Amino acid sequence: MSEYQMNEKHAGMALDRGVQGVLGQPISRIDGLAKVTGTATYGLEHRIDNLAYGVAITAPIGKGRVTAIDTEAARRMPGVIDIIAGEASIPRETPVFGQKSAHGYDGKVESYGEIVGVAIADCFEAARAAAMAVVVTCVAEPGRFDIRDGEADAESPPEGALLPDTVIGDIDKAMGEAEVTLDVTYTTPPQVHAAMEPHGTIASWEGDRLTIRAPVQIVGGAIPVIAATLGIVAENIRVLTPYIGGGFGGKTMSADIILAAVAAKRTGRTVKVPLSRQQIFHVTYGRSDTIQRVRLGADRAGKLSAVGQDSLVGQKAGASQFFEPVALGAVALYAGANRSFTTRTAQVNLTARGPVRAPGEAVGMIGMECAMDEMAAKLGLDPIAFRKANEPEVDPSTGSPFSSRRLIECYDEGARRFGWADRRKRREGDWLIGHGMATASRVNFLAKSAARVRLGADGRALIETDMTDLGTGTYTILAQVAGESLGLPIGSVDVHLGDSDFPTGAGSGGSFGAASSASSVALACEDVVVELARRMGADPADMTLKDGHAISGNRRVSLAELVGGSPIEGMGTIQPGSTGQAFSQSTHGAHFAEIGVNAVTGEIRVRRMLAVFDCGRVLNHKTARSQAIGGMIWGIGYALHEHAVVDTRTGAYVNRDLAEYHVPTNADVPQIEAYFVEEIDRHANPVGAKGLGEAGISGAAAVVANAIHDACGVRVRDFPITADKLLEGLPPV
Amino acid sequence: MRTFDYARADTPEAAVAGFAQTGTRFIAGGTNLLDLMKLQIETPTRLVDISRLPLADIEEREDGGLTIGALVPNSDLAADKRVIAKYEMLSRALLAGASGQLRNKATTGGNLLQRTRCNYFYDTAAPCNKRAPGTGCAAIGGFNRIMAVLGTSDHCIASHPSDMAVAMRALDATLVTLRAEGGQRRIPIAEFHLPPGDTPHIETVLQPGELITHIELPPPPAGRQIYRKVRDRASYAFALVSVAGAVSVEDGRIASATLAFGGLGVMPWRDPAVERALIGQAPGSPAFEAAADALLAPAKGHGSNDFKIPLARRTLISCLRHLTGTSL
Ligand SMILES: Cc1cc2nc3c(=O)[nH]c(=O)nc-3n(C[C@H](O)[C@H](O)[C@H](O)COP(=O)(O)OP(=O)(O)OC[C@H]3O[C@@H](n4cnc5c(N)ncnc54)[C@H](O)[C@@H]3O)c2cc1C
Ligand code: SF4
């Protein structure tokens, strides 16, 4: 059993001695064939005999009380098995990350569309019709449907928050004394998850044991919440989640898991509860809107003396202590002696706010990186030169050294590849063409993760962990780590994920999944290698593993032979430790974009995007690139499209489907390139990879905004940037 | 379960005969109707499937026009060589709509009858005179970015979402129908759609059980053609503003003009005053501004859709420059 706690830099391992040559290779997903042929079975797709269906019944008010739930007519509809409504067992909404259990129904409604019951029937259509036939009578009360409504009694970060307020020096004084200052407010709107695969659960009971099939991105995190809500012990819950169609932070927990479990218990059937797209908008959590005041003060040469980003965000009253940590990316980004990075959370009556890809940076880097662009222009400096002039030696907020930071190389490499120096602002027909750049930064985490690796008599390795693959490529990179460590071709490694009976992995979230789970697999392989060496009679360091053989001195023995009748099992566990505090850890990057703005209509079309990331060791260049460009594309959406519009009369999202809640389509996505400057970051974790799942989105919306400004001269500070906001500043027709 | 009867019609006559019961609906591509049924915005008790009727041909007419079967898929119509050559604006309008998959399913007749995308129309908990007559209009005083600025009433401000219908309006199409009681009817597209007034739930002059069998296009208009769709993203978004048109110039004067607009009106919008402002004038800013004035004089914004008025002005003027080859 290899356990390692990151209290000091890791010294290297079998993975590093590996000569198989598979680590880092751009290998296509090993689960790709199963996915494109439809044999990868997602949560809701399991065919189970005698299945019953449940559909949530919701309350159509934003705040108030339910006074009556009339289920009479619905109960009499054909195919209806039961209707459970108005009981405390019904979860009102999805418990947010950090919330110990779901709030049960108690007659109160705190945000639009909360759940009041579930209709269960023999087929989905019957359940849906029954759910719609239930008459939910409510008394609406005035609610806080805008974060500004809660500004007066907004709360500071709680004790132990991920992003505590950071106030250093005196920013007001520094702003007063600086030769050049900028004090601007940026806003970003509420945004929702709406991953391709909708939320939904199949729940079944065998006696006291509950089996949940649902997309759950952190199995070990969800089980205690399910247990606490249902009042059962965690050991009696099994979660199966081998394939997930997009998680992005939105599938840490979901109300349908509880609804399905309650419905299955009551009816004695296996029950499937899918959420409709409209319900997903209201009963799963999204991202808070933000109001960000950004302050920058510098001397004429561009040296910053004041840097601040102070924000107001919202959270549903009573939901969780989670808040959108707006300044997470900016707090350690630029030097400057006087600093203020604070967050106030307003209590509102809107759907709970939880983690969405890069909580903090995804929206916070909009304010900071657009402001940096504005400030560079004020100073008459090239935006890269301005940033370089303020590149800190150590973390400017904590004083800690960086575990690794190659941001300057990202700027230089990106500028060279993009042709930054030769960019030319111009008009082509009706299109105004402009360019921009922005910095990416995403904090790096490590999470406790365990994995088992078993080398069998057939010479194949089997990896087991309840780690998940959200579509990110976990299956593939773990196979690569084991292949490299054990000298096996990828085809000789089997990977089983997403089953709570396996050792508890980190799960997918916060960009810690790849590095944490890869480290646990690499550590488990250490055990296997030590045992192989013992059987070879060699020192592990002197033994080479390649193509399924161990080589030591002049002996070459197949692994199958070494295993013989006794399979070799390794267990690896990585634990975060003091390097997490001792070193400031982040993935960095530089974005570049070329944009066209239609001079007549203000329509915006991104023409090309390029980014370079410093993300530690790259475990697979193909899946890494996919993560990076996926984030960049989402950045286009945050710049131009995504906006969950709240009707402030009712608290409801108005555009709650994918026809009207816009995300980029293929036609909106331009030529897009991502590159990496690699370095094995030994302070971060044993495999030396830094998080990449979220770095791509950090700064990606800002680069689009900065290029729009370059193209047409209009600076929009309220996102998303839509044609109507540019019209007034466009040339006459 | 909400059950409904389903019958597939083999002939147009059988299709309309099947309408004896109330609560009956035709279903063609189903791309609009099924979505609405799932949300219980439409709750028919009987569906007559017309998708297999022999109405999927495009034929040339003696007058140089085209007769288009009501079941011609949007994709096929857009790709038809004769349409591309003579009715470019129609082909472009179709390709600007929805997505490839939807266009493969969507039919010519169904497209003309697609219902509004008003957000509140889709929310059965919201008041909506179009969906539930007499309940009010949530879009007035609410979020109305995509709603109409022309032809609205105090009862409904929903915009008509179709692209194809805008081109059809500029092209002076005529709908040919088979009436429930038998017998054909010819309805000029100008008379087909109805403004909301105080009955926004009545959207066209079509009578219950009346089947659109064909759409006739007269010979193409003179001059260059355009379909310009302004939208929030590059694909798969309804028009904020669209312009379908053809303008011809002779001896330095605008000889003919036909212009219709999408995204702006409660129905595919055409206003003779716009064309009057252009015909006989020299192409150039004064005439173009006058045309925009004529179009937008009656326009009324409702808050979040105010921007459509300046956007329409700019788009129209730019289109007119393009159509007449006039630079700034
Ligand atoms: C996400 C999405 C995006 C879209 N984007 C666009 C867009 O950008 N631009 C655009 O123009 N459209 C767009 N559409 C709408 C699409 O064009 C329509 O749904 C389609 O044209 C309807 O045709 P259909 O044959 O599927 O109609 P159906 O859904 O079958 O029928 C629609 C209605 O017409 C009636 N009907 C159909 N045929 C006849 C007939 N022959 N006689 C009498 N009544 C008939 C039906 O009874 C029904 O009431 C979009 C649709 C979706 C779902
Ligand atoms: S604009 Fe028309 S469709 Fe929309 S809510 Fe009002 S009445 Fe209903």
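The values are calculated or read from the model by the stated rules, or taken from the named source; none is laboratory data. Values in this document were obtained by computation on a predicted structure and should not be read as measured data. All Cβ positions, glycine included, derive from the backbone under ideal geometry; neighbour counts span all protein chains shown. Keep in mind that these areas ignore ligands, DNA and RNA; they rest on the heavy atoms of the full protein, side chains included. Shrake-Rupley method; radii C 1.70, N 1.55, O 1.52, S 1.80 Å.
So is A:ASP289 acidic (Asp, Glu) and in contact with a helix residue (DSSP H, G or I) (Cβ under 6 Å, 6 or more places away or on another chain) or not?
Spelling it out, A:ASP289 is indeed acidic (Asp, Glu) and in contact with a helix residue (DSSP H, G or I) (Cβ under 6 Å, 6 or more places away or on another chain).
Suppose we keep only residues that are more than 19 Å from the chain's Cα centre (by Cα) and in a loop (DSSP other than H, G, I, E, B) within region A:498-521. Which one would you say is surrounded by the fewest Cβ atoms within 10 Å (Cβ to Cβ)?
So, considering only residues that are more than 19 Å from the chain's Cα centre (by Cα) and in a loop (DSSP other than H, G, I, E, B), the one surrounded by the fewest Cβ atoms within 10 Å (Cβ to Cβ) is A:ASP501.
Mind telling me which of the residues B:ALA180, B:ALA132, B:ALA190 ends up being under 24 Å from B:LEU39 (Cα atoms) and among the hydrophobic types (A, V, I, L, M, F, W, C)?
None of the others qualify; the one that does is B:ALA132.
Quickly run through region B:111-152 and pick out the residues that are within 16 Å of ligand 1 (Cβ to nearest atom), open to solvent by less than 30 Å² (accessible area, probe 1.4 Å) and away from chain A (no Cβ under 14 Å).
B:ASN111, B:LEU112, B:LYS130, B:ALA148
Scanning region B:194-224 for residues that are surrounded by 23 or more Cβ atoms within 10 Å (Cβ to Cβ) and under 16 Å from B:VAL166 (Cα atoms), which turns out nearest to ligand 2 (Cβ to nearest atom)?
B:ILE215
Of everything in region B:153-173 that's within 14 Å of chain A (Cβ to nearest Cβ) and surrounded by 24 or more Cβ atoms within 10 Å (Cβ to Cβ), which residue is farthest from ligand 1 (Cβ to nearest atom)?
Only one residue tops the list, namely B:ALA158.
Scan B:LEU55, B:LEU66 and give me the residue that is open to solvent by less than 20 Å² (accessible area, probe 1.4 Å), touching a strand residue (DSSP E or B) at 6+ places or on another chain (Cβ under 9 Å), away from chain A (no Cβ under 14 Å) and more than 11 Å from ligand 1 (Cβ to nearest atom).
Every option except B:LEU66 fails the conditions.
Could you tell me how many of the residues in region B:109-153 are in contact (Cβ under 8 Å) with a residue 12 or more places away in the chain and touching a Gly at 6+ places or on another chain (Cβ under 7 Å)?
Residues flagged as in contact (Cβ under 8 Å) with a residue 12 or more places away in the chain and touching a Gly at 6+ places or on another chain (Cβ under 7 Å) within region B:109-153 amount to 9.
One line per residue, one yes/no per condition, for (1) away from chain A (no Cβ under 13 Å); (2) buried (at least 18 other Cβ atoms within 10 Å of the Cβ); (3) touching a His at 6+ places or on another chain (Cβ under 7 Å); (4) modelled with pLDDT under 95:
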site: B:ALA257; (1), (2), (3), (4): yes, yes, no, no
site: B:PRO268; (1), (2), (3), (4): yes, yes, yes, no
site: B:PHE288; (1), (2), (3), (4): no, yes, no, no
site: B:GLY303; (1), (2), (3), (4): no, no, no, no
site: B:ARG313; (1), (2), (3), (4): no, yes, no, no
site: B:CYS319; (1), (2), (3), (4): no, yes, no, no
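For region A:52-128, please list each of the strands (runs of 3 or more DSSP E) lying entirely inside it that holds at least 1 residues being open to solvent by 40 Å² or more (accessible area, probe 1.4 Å) and either touching a residue at least 24 places away in the same chain (Cβ under 8 Å) or touching a Ser or Thr at 6+ places or on another chain (Cβ under 8 Å) (or both).
A:64-70, A:80-85
Among the residues of region B:1-33 satisfying the criterion of being within 12 Å of chain A (Cβ to nearest Cβ) and within 8 Å of ligand 1 (Cβ to nearest atom), which is most open to solvent (accessible area, probe 1.4 Å)?
Filtering first and then ranking leaves B:THR31.
For A:ALA550, state whether it is in the same structural domain as A:ALA611 (by TED's automatic domain parsing) and assigned to a strand (DSSP E or B).
Taking the combined requirement at face value, the residue does not satisfy it.
So the check is Cβ under 6 Å with 6+ separation or different chains; which pairs have a first residue in region A:648-676 that's within 9 Å of chain B (Cβ to nearest Cβ) and a second one that's in a strand (DSSP E or B)?
Hits for this filter: A:VAL654/A:ASP647.
Which one of these does A:LYS388 not meet: (1) without any contact (Cβ under 8 Å) to a residue 60 or more places away in the chain; (2) assigned to a loop (DSSP other than H, G, I, E, B); (3) among the charged types (D, E, K, R)?
(2)
Please go through region A:169-209 and pick out each residue that is of a type in the set (Lys, Arg) and farther than 21 Å from A:LEU259 by Cβ.
Passing the criteria: only A:LYS173.
Of the residues A:ALA611, A:ALA624, A:ALA628, which single one is within 27 Å of A:CYS712 (Cβ to Cβ), surrounded by 23 or more Cβ atoms within 10 Å (Cβ to Cβ) and more than 14 Å from every other protein chain (Cβ to nearest Cβ)?
Residue meeting the stated conditions: A:ALA611.
Could you list all residues from region B:109-141 that are over 18 Å from B:SER162 (Cβ atoms) and near ligand 2 (Cβ under 8 Å from one of its atoms)?
Answer for region B:109-141, where residues must be over 18 Å from B:SER162 (Cβ atoms) and near ligand 2 (Cβ under 8 Å from one of its atoms): B:TYR120, B:ALA126, B:PRO127, B:CYS128, B:ASN129, B:ARG131, B:GLY136, B:CYS137, B:ALA138, B:ALA139, B:ILE140.
Residues of region B:181-228 being of a type in the set (Phe, Trp, Tyr) and in a loop (DSSP other than H, G, I, E, B), which ones?
Passing the criteria: only B:PHE192.
Yes or no: region A:239-260 includes at least one residue that is open to solvent by 30 Å² or more (accessible area, probe 1.4 Å), β-branched (Val, Ile, Thr) and at pLDDT 95 or above.
no
Name the one entry in A:ARG556, A:ARG605 that is over 19 Å from A:ILE463 (Cβ atoms), within 14 Å of another protein chain (Cβ to nearest Cβ) and open to solvent by 20 Å² or more (accessible area, probe 1.4 Å).
Of the residues listed, the single one that is over 19 Å from A:ILE463 (Cβ atoms), within 14 Å of another protein chain (Cβ to nearest Cβ) and open to solvent by 20 Å² or more (accessible area, probe 1.4 Å) is A:ARG605.
Return the pair list, or none, for Cβ contacts closer than 9 Å from residues in region A:358-385 that are outside the structural domain of A:THR439 (by TED's automatic domain parsing) to residues that are at pLDDT 95 or above and of a type outside the set (Gly, Ala, Ser), at least 6 apart or on different chains.
That search, which allows pairs on different chains as well, returns nothing.
Scan region B:86-104 and report the pairs whose first residue is open to solvent by 70 Å² or more (accessible area, probe 1.4 Å) and whose second residue is of a type in the set (Phe, Trp, Tyr), with Cβ atoms within less than 6 Å and a gap of 6+ or a chain change.
Hits for this filter: B:ARG92/B:TYR227.
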